[in-house]
Amino acid sequence: MAAGSGSRYGKLKQFDELGPRDEFLMEFSIYDAISNGFDHIVIITKAVNQEFLKTYLETRLPDLIKLDVLVQDIQDIPEGMEIETSREKPWGTAHAVWTAREVIKGDFVIINADDYYGKSAFDGASEFIGRNTSESTYALVGYKLRDTLSDHGTVSRGVCEATDGKLLSIEEHIKIKATDKGIFDEASEIYLDPETMVSMNFWICHASIFDYITAYFRHFLEDKSNHEKSEIYLPFVAQEMMSKGVIDIEVIDSKSDWFGVTYYDDKVNAVKTLKQLTDKGQYPSPLWLTS
């Protein structure tokens, strides 16, 4: 997903050149995915970026990789629904996923373009897809809360409750930061366990999710008060699907280090870490033979 506006970062962070050879952060995730056997890359972006991204990636990705660059369009709503809105902001992460409903027909992974998830996250996703035979069993790659904070401001995280490797619930905490006394959520005014598992939007789903998002989105739009600013978030859809017994979600504990670029000052660490990983031989330089 690469349709965000980067309001806290100050620019389109999805296209900031963070790699040793000026690669975008998402390119390292794409590389890790391809290394684990994924052969179809779908990018969700804004209309203004579609042609640029398509051309940019087509000249870099291996010829055997299928590429779709799709636009998250505010006017893309369920058939029969009508809206009257002046909003410019996209409908949210669940809608971004729904944008890919015509090109994805089986199991797939969902990630953010501005997060680095690490090789083991894709190892775990590939292993899960290889052994899972149920269209109603999804998975989530989780990270320890203490490993997902920013030194430069508060962050929003989906705090997971799980038992025996099965996700029970996700609760959004929207203003989390590290303090001298511990990890504190300013919004709910509570301290959180640093070892708590959180979602960084690395999901493994089946195409069966698209029909459910359609129904969820339709119900959302029936309330006209949602038309101007409200969004449909993927964790909320997943939570409802679990609550209704539609799906089970397995939690995969990532062994990789996560990092992201929520704020512009996070860029320094991202650039440094990508160089270190490349210097260690985890990634080639240049990343693609054609770049």
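Rule-based calculations on the coordinates, nothing more; no lab input. A quick note: this is a predicted structure, and the numbers were derived from the prediction, not measured. Neighbour counts run over all protein chains shown; Cβ positions are idealised from the backbone, glycine included.
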A chain fully extended from GLN282 to PHE52 at 0.36 nm per residue, minus the present Cα-Cα distance, gains in nm 80.0 nm
Gap separating the Cα centres of the range 84-139 and the range 229-291, nearest whole Å: 11 Å
Using a Förster distance of 22 angstrom, determine the FRET efficiency expected from the C-beta separation of ILE83 and ALA215, and round it to 0.05. 0.85
Would you calculate the separation in nanometres between label points at LEU168 and ILE74, each defined as 7 Å from the Cα along the Cα-to-beta-carbon direction? 4.1 nm
Arranged from highest to lowest average of other beta-carbon atoms within 10 Å per residue, in what order do the peptides 60-68, 198-206 appear? 198-206, 60-68
The chain: relative contact order as a whole-number percent, Cα under 8 Å and 6+ apart: 27 percent
Sticking with the crude label model, points 7 Å out along Cα→Cβ, report the distance from LEU64 to LYS244 in nm, one decimal please. 4.0 nm
Please give, to one decimal in nm, the separation of the simple spin-label points placed at LEU289 and ASP22, each 7 Å out from Cα toward the Cβ. 2.3 nm
Stretch SER188-GLU127 to full length: gain in nm at 0.36 nm per residue minus the Cα-Cα span? 18.3 nm
